[in-house]
There are 2 protein chains.
Amino acid sequence: MQPTETAPGGRPRRSDATRAAILEAARERFASDGYERATIRAIARDAGIDPSMVMRYYGTKEGLFAAASEFDLRLPDLAAVPREEAGAVLVGHFLERWEEDETLNALLRVGVTNPAGAERMRALFQEQVAPAVAAVCPDPELAGTRAALVVSQILGMAVSRYVLRFPPAAGMPRAEAVAWLAPTVQRYLTAESP
Amino acid sequence: MQPTETAPGGRPRRSDATRAAILEAARERFASDGYERATIRAIARDAGIDPSMVMRYYGTKEGLFAAASEFDLRLPDLAAVPREEAGAVLVGHFLERWEEDETLNALLRVGVTNPAGAERMRALFQEQVAPAVAAVCPDPELAGTRAALVVSQILGMAVSRYVLRFPPAAGMPRAEAVAWLAPTVQRYLTAESP
DNA sequence: AGTCTAGGTCAACGCCCGTTGGCCCCTGCC
DNA sequence: GGCAGGGGCCAACGGGCGTTGACCTAGACT
């Protein structure tokens, strides 16, 4: 038996480079192919190692996905920006994050067809988005609803732009997308009622 | 050789019931499982026939999906409703359609992980949504952008509500969702600029 | 009544998948 | 310099997949 996991502060292992290569290849494949078509064999090939190594380090395909889909949105503290700019800041941050890290695309593609992936997305929503949104909500009891509305608009743009690639959405400069979406998100965050 | 297709006006075939059962089972499976996990064997089992019949009538799994994903959004003529209600009408119609026919969910789930499915969604956008939106756009050259924005909001709500099932979005009464989204869509349809 | 064809079943094919177990080699330690 | 153990490869497994072709069967037409 050999250790498959170490506390984050543990001594570096000789296999760390391989582990990282596997994770990177996995994120790429999950992001572009979804869960079922992202095969362990293809991921291993991308990482330049044998498929059995993936099993050794991550136990199972589901375990690999769990490790590859760990993600920090790094949401800004919305209480620290001018109240009327919260919407623009949030939209800009999300789109930027989506373009710089393929993990979000992996989460989205897997979340849509795989129950475990959907659960991951719900956790991301509850643990990261909802609290960040609650920080600028006028009414605590509506915070969940507001967060869901915000996410619906941002998620929809991400699907249109990065996944389905509707020409007008995919071709739109990011600044233009932010300009259109910001007032919407601002309203969801702070408007008294619909 | 035997005919696999007949002109829409053709005489009814003895196999029409079977063909319909296959299509219904296929839509159900594609909607709940996505393309890869919706197996021909499972669809045939649901339809109460042998898997080879599916191949006989639809040629290939891709052909089956093409047939099962034919869809008419039945979008209303937006020029016929009061200008300021276009947003509410459009949102309400989409959510209703999403709940009454699982084909839309099948399209969405497959579109996210399958290239052919994504192409289908783009065709739906271009052939049905874009023209309907153009009917109320003040500026023809911006119609495509406006349609994409509208779709991004509606698609995002559908993903949140029906696919990922974020609790606040999934639990929200449809009327409340419409009330929140309507002003957004209205603005995308008619506002001069962001 | 006899024939022909469309509707349907069955068994198999080849392929690829996730996963396993055995084996080798290299490295760091005593 | 031996040796333990982690890093790595290889070959195989059982199973499920899409797809095929041979084979029955029952109805419609003449």
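What to note about this one:
- Residue within region B:178-188 that is without any contact (Cβ under 8 Å) to a residue 40 or more places away in the chain and more than 7 Å from every other protein chain (Cβ to nearest Cβ) present: no
- In summary, A:S32 fulfils each of the numbered conditions (1) of a type in the set (G, A, S); (2) farther than 24 Å from A:A175 by Cα; (3) more than 11 Å from DNA strand C (Cβ to nearest atom); (4) without any contact (Cβ under 8 Å) to a residue 12 or more places away in the chain with the single exception of condition (4).
- Region B:48-66, residues that are more than 7 Å from DNA strand D (Cβ to nearest atom) and under 16 Å from B:P115 (Cα atoms): B:G63, B:L64, B:F65, B:A66
- A single member of B:A20, B:A31, B:A26 is within 12 Å of DNA strand D (Cβ to nearest atom), closer than 20 Å to B:N105 by Cα and modelled with pLDDT of 95 or more, and it is B:A26.
- Within region A:39-68, the residues that satisfy the criterion of being touching a residue at least 24 places away in the same chain (Cβ under 8 Å) and either assigned to a loop (DSSP other than H, G, I, E, B) or aromatic (F, W, Y) (or both) are A:G48, A:I49, A:Y57, A:Y58, A:G59, A:F65.
- Qualifying residue in region A:141-163 (condition: surrounded by fewer than 17 Cβ atoms within 10 Å (Cβ to Cβ), within 26 Å of B:V112 (Cα to Cα), facing another protein chain (nearest Cβ under 9 Å) and out of contact with any strand residue (DSSP E or B) (no Cβ under 9 Å at 6 or more places or on another chain)): no
- One residue alone among B:A130, B:A123, B:A147, B:A88 is more than 15 Å from the chain's Cα centre (by Cα), free of Cβ contacts under 8 Å to residues at least 60 places away in the same chain and away from DNA strand D (no atom under 16 Å from the Cβ), and that residue is B:A147.
- On the stretch given as region A:47-74, residues that are open to solvent by 30 Å² or more (accessible area, probe 1.4 Å) and more than 22 Å from the chain's Cα centre (by Cα) total 9.
- Members of region B:69-92 that are basic (K, R) and assigned to a loop (DSSP other than H, G, I, E, B): B:R74
The values are calculated or read from the model by the stated rules, or taken from the named source; none is laboratory data. None of the values given here were measured: they were computed from a predicted structure. So basically every Cβ, Gly included, is an ideal-geometry build from the backbone, and we count neighbours across all protein chains shown. SASA here: full protein model, heavy atoms, side chains in, ligands and nucleic acids out. Shrake-Rupley method; radii C 1.70, N 1.55, O 1.52, S 1.80 Å.
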